[in-house]
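K.L.:
Attaching a single structure in C-alpha cells format; questions to follow.
Please treat every number below as a calculation from the coordinates, not as lab data. The structure presented is a predicted model; accordingly, all values stated were derived computationally and were not measured. Cβ coordinates were reconstructed from backbone atoms using ideal geometry, including for glycine residues, and neighbour counts include every protein chain displayed.
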Amino acid sequence: MHQVDYYAVLGVMPNAEDVVIFAAYRALAQRYHPDKWRGDPNEAHQRMVKINEAYSILKDPVRRSEYDESRNNDRYADFSNGDSSDQNEAFNSALSEVEEKWNLACLVFPDLQEFRKMLSRTSTALAFAFVTTMIETKNYNNRKEIARSMENTFLQRYFGLNNEIIKFAKNLIRYGHREAAKKLNNIVDVMGDGVDPNLIISAIQKEFDICSFNGDDIYIKKYKNDLIKLKDAFKKEKLYEQALELAKLLGYNPVEDLHAETIKIKTPYGQILKFDKKINFIAWVSNTLCMD
C-alpha cells in the first residue's frame, strides 16, 4: 500500500524544523477555513482531514521519528506533487502577515532578500520555510548556510545526489520547464545515482528540445534566438512591453487585463505574482528572469 507523504501534504522538507511545520500547518488551515474558502466545502473538508492527520504525526517527536523510520527512502519524492497552487497561495498569504518583521530584518541583513529570491525561484515553499526559520529562530548569522542547505535538500529529495543533475534540475525549474523537471525526476527515480549524468541530461534535452545558453541558463531551442534578442533589447531599454514578452516567452503569463492597475502573472508552476506598478514588474523581470 502506498504510504502517505505527510511532508508533501504540509509542503515542507523531511528535515523541516518544528517552527516551519507549525507555520505551514497554520497557513494551510487558514487557507481551507470555512470562512475563507470559496470553493467546494467538501473539498476543503477532505484536505483539512489530510492536513490535520499530517500535522498530528509531524508535530509529535516520537510519532514523527516512527514515521520517518517507516518511510520508503529508496524512492525519490514525486516532483509532480510539489508546489501546488493552493499551497503557494496559502504560503504567500502567510508571508504577507510577516512582511513588516521581514523588512526590519532586511534593514540589518540586506542579503536576506537575495537568499529569499534564490529560493523562491525553485519553490515557494522553500522561500516560506526560509523566512519562517529566520524570523522564528533568529539564526541570522547562519542565513547563507541555511538557505543553501534548504535548496540542496529540496533538489536532492527529487533529483538525487549528482551535482550535474542537481544543477540541471535547478535551471529547468528556474526557467519554467516543469514537465522536463518531472520527467527528470522520474528517470532519476528509475536509474538511481549510478548512471552517467550526461546520458540522463542528454535524454531530457532531446525529448524536450532543450539546450543550454551562457553555461547555466536553459532554454527551449526554438525560442533561443528570440530570447537572446529580447534580453539584449530589454537590458538597454527596460520597457514594460519587453518585460512582458520576455516573461511570457519563459512561461510566465498574465492572468487578467494588462492595463489594470495591478499586474498579475502566473508562473509556470502555478504561483500568482502581483505587482502594484509596472515599474515593479519591470524590476522583477530584470532581477529574476534577465540575469546572466
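K.L.:
Quick one: plug the Kirkwood hydrodynamic radius of the chain (C-alpha pairs) into Stokes-Einstein at 25 °C, 0.890 mPa s, and report D in µm²/s.
P.N.:
On the way: Rh = 20.4 Å.
Estimated diffusion coefficient is 120 µm²/s.
K.L.:
If you don't mind, another one. Using a Förster distance of 22 angstrom, determine the FRET efficiency expected from the C-beta separation of residue 262 and residue 100, and round it to 0.05.
P.N.:
On the way: r = 21 Å, r/R0 = 0.94.
Once the sixth-power term is evaluated, E becomes 0.60.
K.L.:
Still on this model: Which residues make up the longest stretch of the chain that has no trypsin sites (Lys or Arg not before Pro) in a DSSP loop with at most 16 other Cβ atoms within 10 Å? Don't jump to the answer; show the numbers that get you there.
P.N.:
Details: sites that count: 36, 38, 59, 71, 75, 138, 238, 277.
Formally, the longest exposed-site-free interval is 139-237.
K.L.:
Packing-wise, with mean Cβ within 10 Å as the measure, how do 124-134, 189-199 rank, highest first? Could the numbers behind the result be given before it?
P.N.:
Numbers: 124-134: 25.0, 189-199: 12.6.
Taking the mean over residues of other Cβ atoms within 10 Å, the ranking is 124-134, 189-199.
K.L.:
Specify the residue with the greatest mean-square fluctuation among 233, 169, 29, computed from a Gaussian network of the chain linking alpha-carbon atoms under 10 Å apart.
P.N.:
Ranking 233, 169, 29 by mean-square fluctuation puts 233 first.
K.L.:
Looking only at Cα atoms, what is the convex hull volume of the stretch 160-208 per residue, in Å³? Walk me through the numbers on the way to the answer.
P.N.:
Numbers: hull volume 3.0 nm³, N = 49.
Cα-based convex hull of the stretch 160-208, divided per residue, equals 60 Å³.
K.L.:
Report Rg(Cα)/(2.2 N^0.38 Å) for the stretch 26-134, keeping two decimals. List each step's numbers first, then the result.
P.N.:
Numbers: Rg = 16.3 Å, N = 109, 2.2 N^0.38 = 13.1 Å.
The reported ratio for this selection is 1.24.
K.L.:
Obtain the nm distance between the two label points defined at residue 152 and residue 232 by a simple spin-label model: each point lies 7 Å from its Cα along the Cα-to-C-beta direction.
P.N.:
Distance between label points: 3.8 nm.
K.L.:
What net charge do the residues around residue 129 carry, taking every other residue with its C-beta under 11 Å from that of residue 129, with Lys and Arg at +1 and Asp and Glu at -1? If you can, show how the numbers build up before the last one.
P.N.:
Values: positive: 116; negative: 17, 136, 151.
Summing Lys and Arg as +1 and Asp and Glu as -1 gives -2.
K.L.:
Under a plain spin-label model, where a point goes 7 Å from the Cα along Cα-to-Cβ, how far apart in nm are residue 145 and residue 3?
P.N.:
In this crude label model, residue 145 to residue 3 measures out at 3.0 nm.
K.L.:
If you add up the charges near residue 251, with Lys and Arg at +1 and Asp and Glu at -1, over every other residue whose beta carbon is less than 12 angstrom from its beta carbon, what do you get? Please list the in-between numbers first.
P.N.:
Numbers: positive: 174, 178, 248, 266; negative: 179.
That works out to +3.
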